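K.L.:
Can you read through this structure? Questions will come right after.
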Amino acid sequence: MQHRKLCFIGAGNMAGAIISGLVESGYPAALISVCAPSATHRDVLAEKYGVKSSSDNNGCANEADVVVLSVKPQMMADVCKALQKDVDFSGKLVLSIAAGVSVARFCELLGDNLNIVRIMPNTPSLVGKGMSGLYAPKQVSQADRDYSGELMTAVGKICWVDTEEGINHIIAAAGSAPAYFFLFMEAMQAEAQRLGFSADAARMLVEQAASGATALVAASPDTPLSQLRENVTSKGGTTFEALKVFTDRKLPEIVSEAMQAAITRAQEMEKLF
Ligand SMILES: NC(=O)C1=CN([C@@H]2O[C@H](COP(=O)(O)OP(=O)(O)OC[C@H]3O[C@@H](n4cnc5c(N)ncnc54)[C@H](OP(=O)(O)O)[C@@H]3O)[C@@H](O)[C@H]2O)C=CC1
Ligand SMILES: O=C(O)[C@@H]1CCC=N1
């Protein structure tokens with residue numbers, strides 16, 4: 001892949017996950033800088049991955065080919081207004097990983113016809129297992145689309161969406177989704193502990209069952225998920241009784257409602273930030 005000079009504005013969980021995945025996959029650390037007001041997170045990334053750490057957003061953005069906006073949505077306007085005073089974005093590619101900040105808003109903050117790609121990653125990017133959605137408005141060149149796709153492919157899989165609304169759907173299905181699985185696993189670990197397993201043993205049981213299930217899904221691309229579920233569910237057996245509790249309590253409806261709530265919040269954020 002092409003190696004352009006990258007500057008991350010924001011050094012938090014998501015920027016850290018992408019930086020880790022990029023460096024692990026061979027992206028030159030010398031081409032990556034990371035900015036944040038305090039040294040707390042950025043210096044950890046500098047020590048761990050050899051990237052440059054700075055508190056000077058504008059200086060680093062000026063030096064970069066690609067500026068990755070990775071602050072919280074509520075910080076985005078202040079950060080962009082400060083960048084806009086000092087940085088000429090005309091020759092640069094801007095990548096935003098923020099939920100709920102639209103291309104139109106970025107154009108308002110950083111200039112019309114901004115060369116911007118919205119990316120919705122997730123934290124498994126840290127271990128090369130990310131799932132990122134990407135959206136580019138029509139002014140973005142094919143070369144910049146290709147670069148953005150290659151960048152995120154270095155830390156996982158990608159899915160382009162044709163409309164910006166699709167980014168909110170990616171949030172519901174992938175960006176926020178690791179937390180859904182963590183919640184489920186936390187509940188299972190807690191119950192395994194109540195059954196008498198140590199915290200470590202309970203975590204191992206849950207982790208191995210979850211990673212085994214996802215490995216099975218990956219190894220069976222032509223098998224519907226419902227079939228994989230049925231393969232576990234013996235007639236008159238234990239799984240049937242466990243699944244009956246989930247269906248009686250309307251798990252599919254709960255999942256649908258939760259995903260819709262994520263989308264609704266992303267839409268609200270678009271009006272707020
Ligand atoms: N976490 C996730 O799973 C995902 C997050 N996202 C998006 O990623 C973005 C970042 O989220 P996340 O990483 O979780 O957030 P964090 O709170 O972990 O990190 C925010 C970072 O922004 C830095 N920051 C705050 N103010 C400024 C500033 N003025 N200039 C530069 N940096 C600043 C903070 O600095 P300091 O280190 O000094 O505190 C911190 O490093 C959000 O927009 C979110 O929507 C998208 C997909 C998934
Ligand atoms: O919770 C959030 O708003 C961010 C976006 C997707 C995951 N975390």
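K.L.:
For the chain, modelled as a Gaussian network with Cα springs under 10 Å, which listed residue fluctuates most, Thr163, Thr239, Thr153?
P.N.:
Thr239
K.L.:
Here's another thing I want to ask about it. Under 5 Å between amide hydrogens, which residues at least 5 positions from Val34 or on another chain qualify, with H placed 1.01 Å from N in the peptide plane?
P.N.:
Phe8, Lys52, Ser53, Ser54
K.L.:
Shifting gears a bit: Relative contact order of the chain, please, whole-number percent, based on alpha carbon pairs below 8 angstrom and at least 6 residues apart.
P.N.:
Relative contact order, the chain: 16 percent.
K.L.:
What order do Met204, Met1, Met76 take when sorted by accessible area (1.4 Å probe), most exposed first?
P.N.:
Met204, Met1, Met76
K.L.:
Another one. Calculate the FRET efficiency for Ala219 and Phe240 from the Cβ-Cβ distance with a Förster distance of 25 Å, rounded to the nearest 0.05.
P.N.:
E between Ala219 and Phe240, to the nearest 0.05, is 0.55.
K.L.:
Compute all pairwise cysteine Cβ distances in the chain, then list the cysteines with no distance under 4.7 Å to another cysteine.
P.N.:
Within the chain, the cysteines lacking a partner Cβ under 4.7 Å are Cys35, Cys80, Cys107, Cys159.
K.L.:
Taking the dipole about the Cα centre of the range 6-162, with the C-beta of Lys and Arg at +1 and of Asp and Glu at -1, give me whichever of Ser55, Met76, Tyr27 is farthest to the positive side.
P.N.:
Checked the options; the winner is Met76.
K.L.:
Connecting C-alpha atoms closer than 10 Å in a GNM of the chain, tell me which of Ala64, Ala173, Ala219 has the biggest fluctuation.
P.N.:
Ala219
K.L.:
Find the accessible area per residue for the range 108-213; the probe is 1.4 Å, ligands and nucleic acids are left out, and the unit is Å².
P.N.:
54
K.L.:
Amide H to amide H under 5 Å from Trp160: which residues, 5+ apart in sequence or cross-chain, H placed 1.01 Å off N in plane?
P.N.:
Leu134
K.L.:
Moving on to the next point. Please sort through the DSSP H helices of the chain and keep those with an alpha-carbon extent of at least 20 Å along the long axis and a Kyte-Doolittle average not below 0.5.
P.N.:
199-219
K.L.:
Calculate what fraction, in whole %, of the accessible area of the range 6-162 sits on carbon and sulfur atoms when a 1.4 Å probe is rolled over the protein chains.
P.N.:
Using a 1.4 Å probe with all protein chains present, the range 6-162 comes out at 50 percent carbon and sulfur.
K.L.:
Moving to a separate point now. Could you check the simple spin-label distance between Thr40 and Gln74, using points 7 Å along Cα→Cβ, in nm with one decimal?
P.N.:
The answer from the label model is 1.5 nm.
K.L.:
With +1 on the Cβ of every Lys and Arg and -1 on the Cβ of every Asp and Glu, and nothing else charged, how large is the dipole of the range 177-269 about its Cα centre, in debye rounded to the nearest 20?
P.N.:
140
K.L.:
Now for a different question. Per 10 Å bin, what percent of the C-alpha pairs of the chain does each bin hold, from zero upward?
P.N.:
Histogramming the chain at 10 Å steps yields 6, 25, 32, 20, 12, 4, 0 percent.
K.L.:
What are the principal axis extents of the Cα atoms in the range 46-194, in Å, biggest first?
P.N.:
Principal extents (largest minus smallest coordinate, Cα): 58, 38, 28 Å.
K.L.:
Magnitude of the Cβ-charge dipole of the range 28-152, K/R +1 and D/E -1, about the Cα centre, nearest 20 debye?
P.N.:
380
K.L.:
Using just the helices of the chain, give the 222 nm mean residue ellipticity in deg cm²/dmol: DSSP H runs with n ≥ 4 each add -39,500 (n - 2.57), and the total is spread over all residues, rounded to 500.
P.N.:
-17000 deg cm²/dmol
K.L.:
For the range 177-269, build the charge dipole from Cβ charges (+1 Lys, Arg; -1 Asp, Glu) around the Cα centre, then report which of Leu195, Ala266, Ala215 sits farthest towards its positive end.
P.N.:
Selected residue: Leu195.
K.L.:
While we're looking at this one, here's another question. May I ask you to rank Glu257, Glu164, Glu186 by accessible area, largest first, using a 1.4 Å probe over the protein chains only?
P.N.:
Glu257, Glu186, Glu164
K.L.:
Given charges of +1 on the Cβ of Lys and Arg and -1 on the Cβ of Asp and Glu, with all other atoms neutral, how large is the dipole of the chain about its Cα centre, in debye to the nearest 20?
P.N.:
Once rounded to the nearest 20, the dipole reads 200 debye.
K.L.:
A follow-up question, please. Which of Ile19, Ile254, Ile32 ends up with the largest GNM mean-square fluctuation for the chain, with Cα atoms connected below 10 Å?
P.N.:
So, out of Ile19, Ile254, Ile32, the one fluctuating most is Ile254.
The values are calculated or read from the model by the stated rules, or taken from the named source; none is laboratory data. Just so we're clear, the structure is a prediction, and the values are computed from it rather than from any experiment. So basically every Cβ, Gly included, is an ideal-geometry build from the backbone, and we count neighbours across all protein chains shown. Heads up: the accessible areas ignore ligands, DNA and RNA and are worked out on the full protein's heavy atoms, side chains in. Shrake-Rupley method; radii C 1.70, N 1.55, O 1.52, S 1.80 Å.
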